[in-house]
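Please read the structure below before turning to the comments.
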Amino acid sequence: MAGSLSQYWKKRDFGITSEPKGALARPGKKLAFVVQKHAASRLHYDLRLELDGTMVSWAVPKGPSLDPQVKRMAVHVEDHPISYNKFEGVIPKGQYGAGTVEVWDRGAWFPLEDPVGGMRDGRLKFEMKGEKLRGRWMLVRIGKRKDERQEPWLLIKERDGEARAAAEYDIVEALPDSVLSPPGAKARKSSDEAKAKAAPAKKAAKKAAKKPAAKDAPLPAGAVAAKLPLSLFPQLATLVEEPPRGQGWIYEVKFDGYRVLARIDGDDVRLFTRNGNNWTSRMTALAEEVARLGIDSAWLDGEMVVLDAKGNPDFQSLQGAFDSSKTADIVYFVFDMPYFAGFDLRRVPLIERRALLARLLAKNSSEHVRFSEHFEADAAQLLESACKKGLEGVIGKRADSIYASKRSPAWIKLKCTRRQEFVVGGFTDPKGSRSGIGALLLGIHDAQGKLHYAGNVGTGFDDRTLVALARKLAAISTDKMPYAEKPKGVKARWVKPKLVAEVAFTEWTSDGRIRHPVFHGLRTDKDPAAITREAALHEAPEAPSGKKTAATLAKPAGDSVAGRKVSNADRVIDPASKATKLDLVRYYDRIAPHILPHLVGRPLALVRGPQGVTGELFFQKHGDKLQIPGIRELDPKLWPGHPAMLEIATREGLVGAAQMNTIELHTWNSTVKAIDKPDRMIFDLDPGEGISWPQLLEATALTRKMLDMLGLESFVKTSGGKGLHVVVPLTPRLGYDEVKDFSQAVVVHLARTLPSLFVAKSGPRNRVGRIFVDYLRNGYGATTASAFSARARPGLGVSVTLKWSELEGLESASQWNILTVHDRLAKLREDPWKGYWTTRQGLTAAMKKLG
C-alpha cells in the first residue's frame, strides 16, 4: 500500500479534534468515495477516493457540477484515512479545518483506467455510483503557479446520461443535505418505532421548555422530530417585476444587509452566511446576544444590518462596521425558524413558523435581535411606500409555503431600483483631484462560468472608500485580463476576480452593459464565481411551482413539428410562462412515449383553448366535424345513444390535437376492451379555500394509509393544478356502480374519521377549510386529466407521476410545467409508477374490510 497518512496526522491534535486518527487499510471489494461538505473559513466540498489504503483527497471550493462545460477547481490535499468517510461533526476552533463537516454524498467509484498511473500522470478517469453523483468524471492536473503550495486539478463531468446543464440544475443547491442524516428524513415506521425515534427530540423539547423563551410555545402541526443538522442552506427569493395577483401573500421589508443563519445548540451558537461561511468570530457580540434568547436548539434565518439615523438599513455602514471591526451596532432581523427544540419545521406553513418565532422573541426582547414584522396589504402600495422611504424594496412570501433550501418562487423580491452584485475585474486610475481609483470595472458570469464585461461604476464612493478600495485592489493586481473579451475603449488595471461589488443601476443595454450605475459597497458574503446576471420574472407565479418561462429556454429552430407546420406558432397561449402554441405542440411531441400508455385504448375528452389559457375553454368528447390526423373515432356502440367517442393512440394524434389548440387530455377509467368495467379507481384530492399545502400532503398520505389498510396498492400523481390524484389500479371485473359506491364509502369514512380535514360533499361552501376527495371521477363517462397532460391554467402545469417517497419534498401540484417536466424525466433512473401496469387487485376483499 503506497498511501501515506503522515501529513494528515501531523496537522491534527487528536486529543482535541473528534476526527478519526485512522490507519492505513487494505482495500475492500469496492472502492469507496465520499464527498464531505466542509464549512471551514470558507464553505467547500472535499472529494475523497479510496486508493492504496487511504482516501486520496481534493478540496473543491464550489462543489461538483453536472455540466461538462463547467470545470471545477479541485485542490489536491493530504490523504485521509478510510475511517474518515463516516465523519460528521464540528472540528474545534484552532484546529486545522475548523468548522462543520457533513457527508454530502457517498458510494463506490470505478477507475476507467489505471488509477495509480492516472495520479502520476495527472489524468484520472472514473465512474461514480453515489446517492447524488453518478456517471463518468475526470480529474485533470493543471500547471502549478509559483505562489501555490498545493497541486491544482480540475474536476470535470463527462458527457453521459447523468450530465445536466448548469443553467437548468445546480446539484449542490438542489440537494444540500447530508446523506447520513438528511434533515426531516423519515421512513415508514411502526408507531412504536416512531415513538422511540421521537423520544430524544421530545426530551430536547422538554429541556428547551424550561428556558424562558421556549415556555408556552406549542409546536404547530407538521413539526417532525429530527436531529439538528450541522448546516443549512437558506431559502432564496426570486426577483419579479410586478407584484403577484391574488391572496395568500405576506410582505416584509427587503433589508439592505447580509443574510445570516444562526445555529443554536445549547450554549454553542454559530453564525453562518448564506454560502455556509462561519462568521461567528467576526460577530461575537451578536452571537452572545442570540445565546441569551433562551432558545435551547434551533436554526434561525434572518438579515443583519446597520441602521442609519432614520432607522433605515445602511449597507455602507454595515460594510464599514466590518472594515473597522466595530460590529456592536449590527442588528439581526430574524424572519424564519426552520428548526426548533428537536423538531424540523420546514414543512410547517410559513405563517405558523413565524407565529411561533414571534412568540419566542417576544418573551426575550433584544436591542440587536429583532423579529422581522410582516404586512398583509396591497403589494404595489407597500412597494411604493418602501421606495419613498429610501428602502431597497419588499420581500413577498406565500403564507402557506414550506421552507425549501433553494431559490423558490414561493418567496419573491420586488426592488425599487435594479440592483445586483458584480465581480470586480479591474479599475481605472483617478483623474483630477480624486484619490484612490477612478472607476471599477464590473463583470458577470455566463452559464459556462466565463466572466463578461458589464460596464464601469464611478459614483457612490466617498474619499475613505476610494482609499480602502485602492488598497484592496493593489493586493490582488495581475497582468492577466479576467474577462472573456477585452473591454473596448477602456484603459484599465486588471485584478484577480475576487471582489464582489453591489451596484444599483437603471437598466441593461442591448450589448450587455448597465446604465447609470451607483456603487453601494463590497460584499464579502457572496462567492464571486456565483455572480450571474439576475433575470426578473414578469410577475410572481400563483403558486410555489418552480416554473421556468419560455423566454429562459433555448428553442429549436423552425415552426414544424413531426413534419407538420404549426399554425400561429408564435402566439402566446400562457402569459404567465410566456409559452407559445409551438411550445405546447413540441411538448406533446416529446412527451409521447410517456403519455401514450395512459391514452391508448381509452375514450378521451379534449379541453381546447383557441385563445390560450386566459380565453374561453371548451370540453369536447366527440369528433363532430373535427378532423385531426391521428385521432380516431371509436365504435358508437360503446356508448349507445351518444356520438362516437375519440381515442389518441399515436404521436401524430398528439401533435394534431395540440395543433388544433387542445391543451388538456382527459380519459375514462375503462378501456374499449371492457368499457363497462373500470380498470382503475381515482381519488381526486381537491383542496378548499384555506387549506395549506402541507395539509394537502398530509391528507394524501392519509388516503394512501386508508387504502393500505384495505389491502389496496395505490399510486400518486400531481394534478398539474391545485390538487393531487391517488390512483388505484384494478382488475376489470366490477361495474362502474360498484366501484363508484366503494370509492364514495372510502371518502365518507375519511370524512367521518377526520371531519376537520376531509369533507364528503362537493361544492365550494362545503370545502372551505377542508378537502373534498372527489369520488365522482369514478362514475360512468366521467374523465380525469391523464398523467402527463398539460393543464389549461396559468403556468401550463403538467400532471406528473410520482413515487410515494417524493411526496414529502413536493412543493406544489403544478411543480412541473410543459417547459420543465422533461428535466425531471431525464434524471429519473426508473419509472415512478413501476409496477402500476402489472398490479392485479380486486375490490371484493376491500369491500368486506370496509364493511
*Given the conditions (1) within 31 Å of the chain's Cα centre (by Cα); (2) buried (at least 22 other Cβ atoms within 10 Å of the Cβ), and given that ALA657 satisfies all but one, which numbered condition is not satisfied?*
(1)
*Is it the case that some residue within the range 808-816 is open to solvent by 20 Å² or more (accessible area, probe 1.4 Å), touching a Ser or Thr at 6+ places or on another chain (Cβ under 9 Å) and either farther than 22 Å from ARG134 by Cβ or aromatic (Phe, Trp, Tyr) (or both)?*
yes
*When residues of the range 708-732 are limited to those that are more than 12 Å from TRP804 (Cα to Cα) and among the polar types (S, T, N, Q), the one most open to solvent (accessible area, probe 1.4 Å)*: THR731
*Filter the range 787-807 down to the residues that are in contact with a helix residue (DSSP H, G or I) (Cβ under 8 Å, 6 or more places away or on another chain) and surrounded by fewer than 20 Cβ atoms within 10 Å (Cβ to Cβ), then identify the one that is nearest to LYS578 (Cα to Cα).*
LEU807
*So LYS705 clears everything in (1) under 24 Å from TYR403 (Cα atoms); (2) open to solvent by 60 Å² or more (accessible area, probe 1.4 Å); (3) part of a helix (DSSP H, G or I) except one condition, right? Which one?*
(1)
*Does VAL572 qualify as being in contact with a strand residue (DSSP E or B) (Cβ under 6 Å, 6 or more places away or on another chain), open to solvent by 10 Å² or more (accessible area, probe 1.4 Å) and modelled with pLDDT of 90 or more?*
yes
_Restricting the range 649-661 to residues that are touching a Leu at 6+ places or on another chain (Cβ under 8 Å) and outside any loop (DSSP other than H, G, I, E, B), the residue that is nearest to GLY797 (Cα to Cα)_ = ALA658
*For ILE663, which of the numbered conditions (1) more than 13 Å from ALA782 (Cα to Cα); (2) touching a helix residue (DSSP H, G or I) at 6+ places or on another chain (Cβ under 6 Å); (3) touching a residue at least 40 places away in the same chain (Cβ under 8 Å) fails to hold?*
(2)
*Which helices (runs of 4 or more DSSP H) does the range 740-851 wholly contain that include 3 or more residues that are farther than 28 Å from PHE619 by Cα?*
821-827, 844-850
*Among the residues of the range 39-67, write down those that are assigned to a loop (DSSP other than H, G, I, E, B), in contact with a strand residue (DSSP E or B) (Cβ under 7 Å, 6 or more places away or on another chain) and surrounded by 18 or more Cβ atoms within 10 Å (Cβ to Cβ).*
ALA40, LYS62, GLY63, PRO64, SER65, LEU66, ASP67
*Collect the residues in the range 594-646 that are in a strand (DSSP E or B) and either aliphatic (A, V, I, L, M) or under 28 Å from ASP823 (Cα atoms) (or both), keeping them in residue-number order.*
LEU604, ALA605, LEU606, VAL607, ARG608, ILE631, MET645, LEU646
*Taking VAL140, is it in a strand (DSSP E or B) and touching a His at 6+ places or on another chain (Cβ under 6 Å)?*
no
*Scan the range 253-295 for residues that are in a loop (DSSP other than H, G, I, E, B) and either touching a Pro at 6+ places or on another chain (Cβ under 6 Å) or open to solvent by less than 10 Å² (accessible area, probe 1.4 Å) (or both) and jot them down.*
PHE255, ASP256, GLY257, ARG274, ASN277, MET283, LEU293, GLY294, ILE295
*Total residues in the range 418-460, condition in a strand (DSSP E or B) and among the charged types (D, E, K, R)*: 3
*For the subset of the range 395-437 comprising residues that are open to solvent by less than 10 Å² (accessible area, probe 1.4 Å) and farther than 30 Å from ASP67 by Cβ, which member is nearest to the chain's Cα centre (by Cα)?*
LYS397
*asked:* Condition first: farther than 25 Å from PHE272 by Cα and charged (D, E, K, R). Now tell me which residues in the range 14-47 satisfy that.
replied: LYS21, ARG26, LYS29, LYS30
*State the number of residues belonging to the range 483-522 that are under 25 Å from TYR258 (Cβ atoms), open to solvent by less than 40 Å² (accessible area, probe 1.4 Å), in contact with a Phe, Trp or Tyr (Cβ under 8 Å, 6 or more places away or on another chain) and not aromatic (Phe, Trp, Tyr).*
8
_Please go through (1) more than 26 Å from ARG418 (Cβ to Cβ); (2) in a loop (DSSP other than H, G, I, E, B) for ARG370 and return the number of the only condition it doesn't satisfy._
(2)
*In the range 673-695, which residues are charged (D, E, K, R) and under 11 Å from LEU730 (Cβ atoms)?*
LYS677, ASP679, ARG680
*Output yes when any residue across the range 379-392 is hydrophobic (A, V, I, L, M, F, W, C), part of a loop (DSSP other than H, G, I, E, B) and more than 25 Å from the chain's Cα centre (by Cα), and no when none is.*
yes
*Within the group ALA550, ALA579, which residue is open to solvent by less than 10 Å² (accessible area, probe 1.4 Å), at pLDDT 85 or above and over 26 Å from GLU303 (Cα atoms)?*
ALA579
_Residues that are surrounded by 23 or more Cβ atoms within 10 Å (Cβ to Cβ) and not in a strand (DSSP E or B), drawn from the range 662-687_ = TRP668, ASN669, SER670, PRO678
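The values are calculated or read from the model by the stated rules, or taken from the named source; none is laboratory data. Note that the structure is a prediction, hence the values are computed from the model and not measured. Neighbour counts run over all protein chains shown; Cβ positions are idealised from the backbone, glycine included. Remember, those area values only see protein heavy atoms, side chains included, never the ligands or the DNA or RNA. Shrake-Rupley method; radii C 1.70, N 1.55, O 1.52, S 1.80 Å.
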